[in-house]
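Just so it is clear, none of the values below were taken in a lab; they were calculated from the coordinates. Quick caveat, the model's predicted, so the values are computed rather than measured. Here the Cβ is made from the backbone with ideal geometry for all residues, glycine too, and neighbour counts use every protein chain on show.
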Amino acid sequence: MTRAGPTRRVAVRHYGAPPSPSGGPPDGWSTERDAVVGEEPLQLRLEQVGGELPLVTTMRTPGADFELAAGFLLAEGIVTRREEILEMRYCRDVPDDERYNVLRLRLARSAQVPDRDALHRFTATAACGVCGKGQIASLAERGCARLTDDVRVPASLLAALPERLRSHQPLFERTGALHAAGLFSPDGALLAAREDIGRHNALDKLFGWALLEGRLPLAGGIVFVSGRAGFELVQKCVVAGIPVFGAVSAPSSLAIEVARDFGITLAAFVREGRLSVYAGAERVIDDLAPT
């Protein structure tokens with residue numbers, strides 16, 4: 001079976017295009033082939049003695065599947081270290097058209113494997129993009145501490161991140177339909193970026209990369225995302241140790257509460273040289289000219 005790529009080519013009819021020199025239809029319609037983003041399910045299965053258990057099924061853009069799996073395991077508190085992921089591999093005993101949509105995971109005994117009730121919750125909610133425990137208290141119970149990084153970031157640098165991230169979104173340029181998450185250094189250098197049709201998946205891929213590369217915690221780092229700042233994204237930053245988080249769109253009330261409780265600087269509505277800081281303003285250096 002040929003492994004699916006992140007995009008597909010499909011036929012589409014456009015209206016309003018100028019007539020072709022060869023004599024196109026008089027009503028202004030034209031037919032072309034466009035690139036669209038790929039979307040397929042990915043099921044994660046846990047190998048255990050006596051069989052395996054389905055952990056979660058999520059809709060994603062094919063690509064960086066191992067990073068996505070690692071990031072999900074990290075965000076949910078199932079693993080905390082790279083060494084707890086013993087093996088990840090695609091299934092071979094499934095139909096050919098599902099081979100690259102089913103991933104087997106073998107974890108160390110120290111991994112916190114969910115019970116069956118939790119497994120049912122994962123499977124039921126993953127397609128909707130809900131992938132956090134849903135409670136702020138659970139972060140503290142997992143040992144997540146308040147972030148005390150003394151990094152300071154110019155407001156002008158934060159305001160420039162949407163354009164910097166956009167310049168590293170090749171799939172978005174081709175399809176116009178993907179979210180992105182980027183990791184930046186305190187001076188604004190892009191360290192890594194990941195794209196996916198799901199904004200949670202994009203961040204899981206990014207943090208999965210960091211976990212597999214042994215870069216956690218990401219002290220002093222800045223994460224910027226192309227969508228809104230919801231609770232699930234901010235709690236992932238808590239787990240990964242990210243002190244500064246920015247988003248193009250609005251934050252939620254719970255995201256703000258998490259950011260304030262765990263010492264994360266939260267900037268939203270970051271666009272066109274402007275931004276609004278909802279938590280951790282002490283880390284932002286005011287160097288933007290008033291508008």
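If packing is taken as the mean number of other Cβ atoms within 10 Å per residue, what is the order of 156-162, 267-273, highest first? Walk me through the numbers on the way to the answer.
Details: 156-162: 20.3, 267-273: 18.4.
Sorting 156-162, 267-273 by mean packing, highest first, produces 156-162, 267-273.
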10 Å-binned pair-distance histogram of the chain (Cα, whole percent):
6, 27, 31, 20, 10, 4, 1
Principal axis lengths of the range 153-285 from Cα atoms, whole Å, largest first?
38, 34, 28
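Which net charge results when you count Lys and Arg as +1 and Asp and Glu as -1 among the other residues whose beta-carbon is under 10 Å from that of Lys205? Present the calculation step by step, with values, prior to reporting the outcome.
Values: positive: Arg60, Arg194; negative: Asp65, Glu67, Glu195, Asp196, Asp204.
Here the count lands on -3.
Only bridges with both residues in the chain count here: give the DSSP antiparallel percent, nearest 5. List each step's numbers first, then the result.
Numbers: 37 of 51 bridges.
Roughly 75 percent of the DSSP beta bridges within the chain come out antiparallel.
Based on the mean of other Cβ atoms within 10 Å per residue, sort peptides 168-177, 253-262 so the most packed one is first. Write down the numbers at each step before the final one.
On the way: 168-177: 16.0, 253-262: 19.1.
Per-residue Cβ counts within 10 Å, averaged per peptide and sorted highest first, yield 253-262, 168-177.
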By count of other Cβ within 10 Å, fewest leading, how are Lys236, Lys205 ordered?
Lys236, Lys205
Taking Asp149, Asp286 and counting other beta carbon atoms within 10 angstrom, the fewest-first order is Asp286, Asp149
With Cα springs under 10 Å, the Gaussian network model of the chain assigns the largest mean-square fluctuation among Glu84, Glu76, Glu52 to Glu52
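Add +1 for every Lys or Arg and -1 for every Asp or Glu among the other residues with Cβ under 13 Å from the Cβ of Val277, and state the total.
Combined, the nearby Lys, Arg, Asp and Glu give +2.
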Along the charge dipole of the chain, pointing to its positive end and built from +1/-1 on Cβ of Lys, Arg, Asp and Glu, which listed residue (Gly50, Ala202, Leu139) has its Cα farthest out?
Gly50
Net charge around Glu84, counting only other residues with Cβ within less than 12 Å of its Cβ (Lys, Arg = +1; Asp, Glu = -1)?
+2
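Taking only C-alpha pairs under 8 Å that are 6+ residues apart, what is the relative contact order of the chain in percent?
17
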